[in-house]
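K.L.:
My questions will all concern the structure given below.
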Amino acid sequence: MKIILTLLTIVLSMSVTAQDSESLPYHQIPEQPDSYTAGTVVSRMIDGLGFRFYWATEGLTPNDLNFKLKEDARPILDVMSHVYSMSAIIRDAALQVPHIRETFKKPLSYMDLRRLTLQNYKIASDIFKKADNLESFNIVFKGSDSNRVVPFWNAINGPIEDSVWHCGQIATSRRNSGNPINPKINHFTGTVSE
């Protein structure tokens with residue numbers, strides 16, 4: 001009975017994940033902009049990050065989510081949570097609102113982390129795509145007494161590039177847990193062969 005329930009849970013999880021994935025952004029990278037501006041370049045960087053995160057996290061199993069490369073490493077689900085928190089910083093910089101560190105009464109599920117992270121990237125990318133100048137897109141950390149303002153330069157080398165790094169960690173971890181990413185992914189073109 002326990003085996004049947006476990007198999008049913010896995011099948012339902014895979015079915016829900018497949019349905020959810022169809023509506024998520026970044027299955028492929030959107031069409032490239034017509035011109036190069038500071039905003040379109042940052043937008044494209046975020047699109048590339050979204051594409052990497054989409055495929056690094058597509059079809060993860062409970063075994064993958066708990067997998068750690070070594071004993072003192074973070075499991076994949078914790079890395080996804082960290083990437084989600086950085087996606088919120090990127091989104092808030094794009095929206096030009098102070099970032100309030102998000103705290104959760106309970107941990108977010110794999111599917112929620114995946115969906116919210118990808119949605120944050122899409123929101124930010126769409127805003128930056130229309131921006132010519134990035135000087136007003138500071139990262140503003142909300143403080144109890146005062147806000148800390150950090151120039152957008154730090155968003156590039158901070159949460160954007162750090163998230164790319166962590167997508168690589170997720171891809172490496174899942175390969176080591178026995179569930180490598182889809183081999184039909186082409187990171188250079190931002191496409192997947194069906």
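K.L.:
Show the residue pairs that are 6+ apart or on different chains and have beta-carbon atoms under 8 Å apart, the first residue being within the stretch 113-133 and more than 17 Å from V79 (Cα to Cα), the second being in a loop (DSSP other than H, G, I, E, B) and among the polar types (S, T, N, Q).
P.N.:
A131/T37; D132/T37
K.L.:
Can you work out which of the residues in the stretch 135-173 that are closer than 27 Å to T40 by Cβ and among the polar types (S, T, N, Q) is most open to solvent (accessible area, probe 1.4 Å)?
P.N.:
It comes out as N157.
K.L.:
Further question: Contact list please: Cβ distance under 8 Å, first residue in the stretch 33-46 and within 15 Å of W153 (Cα to Cα), second residue small (G, A, S) and part of a loop (DSSP other than H, G, I, E, B), pairs at least six apart or on different chains.
P.N.:
Every condition considered, the pairs that remain are A38/A131; G39/A131; V42/A131.
K.L.:
If you don't mind, another one. Scan the stretch 146-168 and give yes if some residue there is within 19 Å of L49 (Cα to Cα) and in contact with a Gly (Cβ under 7 Å, 6 or more places away or on another chain), otherwise no.
P.N.:
no
K.L.:
For residues in the stretch 99-137 being modelled with pLDDT under 95 and either assigned to a helix (DSSP H, G or I) or touching a strand residue (DSSP E or B) at 6+ places or on another chain (Cβ under 9 Å) (or both), which is nearest to G48 (Cα to Cα)?
P.N.:
Among those residues, the one meeting the criterion is H99.
Matching residues to (1) open to solvent by 40 Å² or more (accessible area, probe 1.4 Å); (2) within 30 Å of L134 (Cα to Cα); (3) small (G, A, S):
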position	(1), (2), (3)
A88	no, yes, yes
V97	yes, yes, no
R101	yes, yes, no
K106	yes, no, no
Y110	no, no, no
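K.L.:
Do we find a residue being open to solvent by less than 40 Å² (accessible area, probe 1.4 Å), part of a loop (DSSP other than H, G, I, E, B) and modelled with pLDDT of 95 or more anywhere in the stretch 180-191?
P.N.:
There is no residue in the stretch 180-191 that is open to solvent by less than 40 Å² (accessible area, probe 1.4 Å), part of a loop (DSSP other than H, G, I, E, B) and modelled with pLDDT of 95 or more.
The values are calculated or read from the model by the stated rules, or taken from the named source; none is laboratory data. Remember, predicted model here, so these are calculated numbers, not experimental data. With ideal geometry, Cβ positions are generated from the backbone for all residues, glycine too; neighbour counts draw on all protein chains shown. Note: accessible area is taken over every heavy atom of the protein model, side chains too, but ligands, DNA and RNA are not part of it. Shrake-Rupley method; radii C 1.70, N 1.55, O 1.52, S 1.80 Å.
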